[in-house]
Amino acid sequence: MTSLDGNRPPLPGPPFLDPPLPDILADHLAILFCGINPGMMAAATGHHFAGRGNRFWRVLHLAGFTPDQIAPEQDRTILRYGYGLTSVVERPTARADQLSTREFATAAAGFERKIVRSMPHFVAFLGKAAYSALADRRDIAWGPQPALIAAARVWVLPNPSGRNRAFTLDQLVHAYRALHQAAFEPRPTVTQ
């Protein structure tokens, strides 16, 4: 089918929002969970971690962040617990390895402005790829990082994607629980 001017009409695509997956932010969050970029299902539905195999919501609950497991359609309720959700790169892809280094570089300034505006206590990167690109380092360890973004402490967690089979559910829960303990559990006082 061609239009009156002889050009083919654009093929219909997924019904993405602008941006494809809106951030869920508030000021002074305890933790801002930061994905690499939206998956195709998340972008199509407008809900974070909506992919069938994504373990984010289950891991969050099992690690103690939420009293019940949140459904992706209820993702905005995460704000009740003092957490937010964002992505470094807004462009949705089927796999994170489909992003270019240039896309991370282009997104860096806007991402940092987001952190400055919302002032979370922690920024938790879900996977090493985004933080590695932003920090321009390859030797990223899991867990707390020495650098800050604005005044936020940085923590790197394993990606909960169903494609990430390097981590079992128990290993993910253990890694996420370490952040929960660092953020919320009081430190024992030392007496002498």
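Please report, in debye to the nearest 20, how large the charge dipole of the range 65-122 is about its Cα centre when each Lys and Arg carries +1 at its beta carbon and each Asp and Glu carries -1 there.
Here the size comes out at about 220 debye.
With the full set of protein chains in place, find how many percent of the accessible area of the chain is carbon and sulfur; take the probe as 1.4 Å.
Percent of accessible area from carbon and sulfur atoms in the chain: 54.
Specify whether the C-alpha gyration tensor of the range 19-172 places it in the rounded, prolate or oblate class, a ≥ b ≥ c being the square roots of the eigenvalues: rounded for a/c under 1.5, otherwise prolate if a/b is larger than b/c and oblate if not. Walk me through the intermediate numbers first.
Numbers: a/c = 1.24, a/b = 1.13, b/c = 1.10.
It is rounded, given that a/c, with a ≥ b ≥ c, falls under 1.5.
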Would any residue of the range 167-181 have its amide N under 13 Å from a label point 7 Å out along Cα→Cβ of residue 80? List them or say none. none
On the full set of protein chains, 1.4 Å probe, figure out the accessible area of residue 73 and give it in Å² to the nearest 10. 110
Compute the angle between helix 101-118 and the longest alpha-carbon principal axis of the chain, please, reported from 0 to 90 degrees and rounded to the nearest 10. 60
Exposed trypsin sites (Lys or Arg not before Pro) being those in a DSSP loop with at most 16 other Cβ atoms within 10 Å, the longest stretch of the chain free of them is 1-51
1.4 Å probe accessible area per residue over the chain, in Å²: 58
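Nothing charged except the Cβ atoms of Lys and Arg (+1) and of Asp and Glu (-1): what's the magnitude of the dipole of the chain about its Cα centre? Round to the nearest 20 debye.
Using only the charged Cβ atoms, the result is roughly 360 debye.
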Net charge of Cβ neighbours under 14 Å - reference residue 103; Lys, Arg +1; Asp, Glu -1: +1
Can you list the residues, at least 5 places off or on another chain, whose amide H is less than 5 Å from the amide H of residue 119, using H built in the peptide plane? 28
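The values are calculated or read from the model by the stated rules, or taken from the named source; none is laboratory data. Since the structure is predicted, the reported quantities are computational estimates derived from the model, not experimental observations. Positions of Cβ are backbone-derived with ideal geometry, glycine not excepted, and every protein chain shown enters the neighbour counts. Ligands, DNA and RNA are excluded from the accessible area calculation, which covers all protein heavy atoms including side chains. Shrake-Rupley method; radii C 1.70, N 1.55, O 1.52, S 1.80 Å.
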